[in-house]
Amino acid sequence: MTYNAIGLIEFSSIARGIGSADAMIKAAAVELVLSRTICSGKFINLVAGDVQAVKASVEAGENHGQETVIDSFIIPNVHPDVFPAMSASTDVDKLDALGIIESFSVAALIEGADAAAKAAEVKLIEIRLAMAIGGKAFVTLTGPVGAVRSAVEAGREVISRAGMLVNTEVIPSPREELLRDIL
């Protein structure tokens, strides 16, 4: 099914995150795409649907989560590369240039990845969401060097505004082994 919007809430409480998942899916006709623990003891809920339903769902989740809400977003017209990158199911045969954006927040990272994909002709490879990396998240992307630089800068801006940027990297001519090792 194709959705035109996604919304995510990141919680400091696992219990409140689970309760908020229930509130979110009862509030509107959305699909609960992801609802799970992440490092370091946090919890995330990701919903998809039409823009108004996602807004209503996120609002209900934030109301339920109250002081445990760390971060949240709603992205209308989400880039089609975002879902395959989150499930690490993107097909990439070769790396042109490689871009990496790293964030302290899952929510900020997904917003940054969406902005990066919309800013230039790049392909999102993977969005890794805070599992076994100390609660951080990162995205890898590929394309021509100039496009990768533009995309990384766009993602960097979004994540920096949230105060969640860790670092970025652009590798113009990565070796083939990197593709094997990063996927």
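The values are calculated or read from the model by the stated rules, or taken from the named source; none is laboratory data. Being a predicted model, the structure only gives us computed values, none of them experimental. So basically every Cβ, Gly included, is an ideal-geometry build from the backbone, and we count neighbours across all protein chains shown.
Against the condition touching a strand residue (DSSP E or B) at 6+ places or on another chain (Cβ under 8 Å), at pLDDT 90 or above and either buried (at least 18 other Cβ atoms within 10 Å of the Cβ) or outside the structural domain of Arg156 (by TED's automatic domain parsing) (or both), how does Val106 come out, does it pass? Break it down stepwise before answering.
On the way: touching a strand residue (DSSP E or B) at 6+ places or on another chain (Cβ under 8 Å): yes; at pLDDT 90 or above: no; either buried (at least 18 other Cβ atoms within 10 Å of the Cβ) or outside the structural domain of Arg156 (by TED's automatic domain parsing) (or both): yes.
Judged against the criteria, Val106 is not a match.
Of the residues making up the stretch 1-30, those that are over 9 Å from Ser57 (Cβ atoms), surrounded by 15 or more Cβ atoms within 10 Å (Cβ to Cβ) and not hydrophobic (A, V, I, L, M, F, W, C) are Tyr3, Glu10, Ser12, Ser13, Arg16, Gly17, Gly19, Ser20, Asp22.
When the stretch 6-36 is limited to residues that are in a strand (DSSP E or B) and of a type in the set (A, V, I, L, M), the one that is nearest to Val54 (Cα to Cα) turns out to be Ile6.
Please specify each residue of the stretch 26-48 satisfying the condition of being of a type in the set (A, V, I, L, M) and in contact with a Gly (Cβ under 9 Å, 6 or more places away or on another chain). Steps first, answer last, please.
Keep residues of the stretch 26-48 that are of a type in the set (A, V, I, L, M), which gives 27-30, 32-34, 38, 44, 46-48.
Across the stretch 26-48, the qualifying residues are Ala27, Ala28, Ala29, Val30, Ile38, Ile44, Leu46, Val47, Ala48.
The set of residues in the stretch 64-115 being in contact (Cβ under 8 Å) with a residue 40 or more places away in the chain and of a type in the set (Val, Ile, Thr) consists of Thr68, Val69, Ile70, Ile74, Ile75, Val78, Val82, Val92, Ile100, Ile101, Val106, Ile110.
Regarding the stretch 53-62, can at least one residue be identified that is β-branched (Val, Ile, Thr) and touching a Gly at 6+ places or on another chain (Cβ under 8 Å)? Yes, that holds for at least one residue. Report, by residue number, each residue of the stretch 30-87 that is of a type in the set (Phe, Trp, Tyr) and closer than 30 Å to Gly143 by Cβ. Phe73, Phe83 - these are the residues of the stretch 30-87 that are of a type in the set (Phe, Trp, Tyr) and closer than 30 Å to Gly143 by Cβ. Val51 passes every criterion in (1) in contact (Cβ under 8 Å) with a residue 12 or more places away in the chain; (2) within 12 Å of the chain's Cα centre (by Cα) apart from (2).
Mind listing just one residue for me: the one in the stretch 83-99 that is surrounded by fewer than 19 Cβ atoms within 10 Å (Cβ to Cβ) and at negative phi and, of those, modelled with the highest pLDDT? Steps first, please.
Of the stretch 83-99, the ones surrounded by fewer than 19 Cβ atoms within 10 Å (Cβ to Cβ) are 84, 87-89, 91-94, 96.
So of that shortlist, the ones also at negative phi come out as 84, 87, 89, 91-94, 96.
Details: Pro84: 83, Ser87: 78, Ser89: 69, Asp91: 77, Val92: 77, Asp93: 75, Lys94: 76, Asp96: 88.
In this case the residue turns out to be Asp96.
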